[in-house]
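The block underneath contains the structure these notes are about, expressed in structure tokens.
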Amino acid sequence: VTGVLDDCLCDIESIDDFNTFKIFPKIQKLQERDYFRYYKVNLKRPCPFWADDGHCSIKDCHVEPCPESKIPVGIKAGSSNKYSKAANNSKELEDCEQANKLGAVNSTLSNQSKEAFIDWARYDDSQDHFCELDDERSPDAQYVDLLLNPERYTGYKGPSAWRVWNSIYEENCFKPRSVYRPLNPLAPSRGGDDGESFYTWLEGLCLEKRVFYKLISGLHASINLHLCANYLLEETWGKPRWGPNVKEFTRRFDPAETKGEGPRRLKNLYFLYLIELRALSKVAPYFERAVVDLYTGNGHEDAESKALLLDIFRDTKSFHMHFDEKSMFAGDKKGAKSLKEEFRLHFKNISRIMDCVGCDKCRLWGKLQTQGLGTALKILFSEKEIQSLPENSPSKGFQLTRQEIVALVNAFGRLSTSIKELQNFKVLLQQTR
């Protein structure tokens, strides 16, 4: 895959170099820090669209929740100390440790801060989200250590997995039923059409709807790349060996094997990378304020995490070929507003479909990456609010929860890894020829 991407003025080689030398090493380090490795998720929510097939019984599908004792005290206590200047004195840590019931969380807050939190809650409940969020207070929501539950090929495949992606594409990509996505085994027989009518249809769409399809296709390509790169190659004496599977990669992406579809999917991966990169550069002012802490309760680590995050923001801003989202939703105000709302509702629906994934590990990473992309979209459509944030007081008008921050960074980390893995597969393919 080479050359310039459609719908933006950026070439693939520039992204490869930028990702390999600047972003990938830093984002890997950031994902290992406590603030970003613990993600709260409810893996027991029922599928809202069809009767569940039952969870897969493959042992690699299992997700190991994090024991209470391992979760950093500042994360466990919720967001109450996120903006506290004196967040690391021992009195406050004691308060955190006692914060078993919700009331105790507020014991260190001034009335002014309490009002700010109520404002945030109202704001978070507003029609702002592109994702269906898990209720973190649900007894079924558990913390998961992402480093101990890596995304990889678990053996979950076949009709159940296909139904999830089919539902996403067929019902949520603004698509008429008469136009079939190429190589979709669940679509009726297409006769002589090899999917080109799909691309003719796609070209005729407005930019926003084309972008929506590309984001979903890019996410699908990225997840498939992770599975090819971290594949169960063999299991001898109960010891599994994971690694890149060139045959599987070829099956999913080779032009000959996919009737030319594979390279298109990979281009959409690069497009998605650009969108999330743009969101990171846009949200930088939110985090640059001294009032924002990445609070875990360990002052030294928190300061280092924030410094590393700001360093990544500097890199994202230095990239010269960003996607220009100003061209989106730029028509007449009424039409633009209803299209944006349609965009949001379609994406929200996709986040609900992730509760239909039968494999817990796939569900965990599907939910996280969908929430990360939803957060990126929320950022791109909140530019004015971000630019007018107050420097030294909690945000009104734009707010990110810890969950959204963790999802945003890890989702972008996954895309960065996909592009790096793609370089590795290029080398492996040259060696096998």
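The values are calculated or read from the model by the stated rules, or taken from the named source; none is laboratory data. Everything numeric in this text was worked out from a predicted model, so none of it was measured. All Cβ positions, even for glycine, are placed from backbone atoms using ideal geometry, and neighbour counts span all protein chains on display. What goes into the accessible areas is simple: the full protein's heavy atoms, side chains included, and nothing from ligands, DNA or RNA. Shrake-Rupley method; radii C 1.70, N 1.55, O 1.52, S 1.80 Å.
Brief remarks follow.
- Residue check, residue 187 open to solvent by less than 70 Å² (accessible area, probe 1.4 Å), part of a loop (DSSP other than H, G, I, E, B) and of a type in the set (A, V, I, L, M): yes
- Yes/no for residue 301 being within 30 Å of residue 143 (Cβ to Cβ) and either touching a strand residue (DSSP E or B) at 6+ places or on another chain (Cβ under 9 Å) or in a helix (DSSP H, G or I) (or both): yes
- Test: residue 219 is aliphatic (A, V, I, L, M) and in contact with a strand residue (DSSP E or B) (Cβ under 8 Å, 6 or more places away or on another chain): no
- Single residue of the range 321-366 satisfying the filter (assigned to a loop (DSSP other than H, G, I, E, B) and among the aliphatic types (A, V, I, L, M)) that is farthest from residue 278 (Cα to Cα): 357
- Residues located in the range 309-342, provided they are modelled with pLDDT of 85 or more and either touching an Asp or Glu at 6+ places or on another chain (Cβ under 9 Å) or of a type in the set (Asp, Glu) (or both): 310, 311, 313, 315, 341, 342
- Look at the range 338-350: where a residue is closer than 13 Å to residue 129 by Cβ and a partner is surrounded by 17 or more Cβ atoms within 10 Å (Cβ to Cβ) and hydroxyl-bearing (Ser, Thr, Tyr), sitting 6+ places away or on another chain with Cβ atoms under 7 Å, you get 350/370.
- Candidate set: the range 1-27, residues that are in a helix (DSSP H, G or I) and out of contact with any helix residue (DSSP H, G or I) (no Cβ under 7 Å at 6 or more places or on another chain); chosen: the one nearest to residue 308 (Cα to Cα): 25
- When the range 154-177 is filtered for residues that are farther than 24 Å from residue 344 by Cα and open to solvent by 60 Å² or more (accessible area, probe 1.4 Å), the ones remaining, listed by number, are 157, 159.
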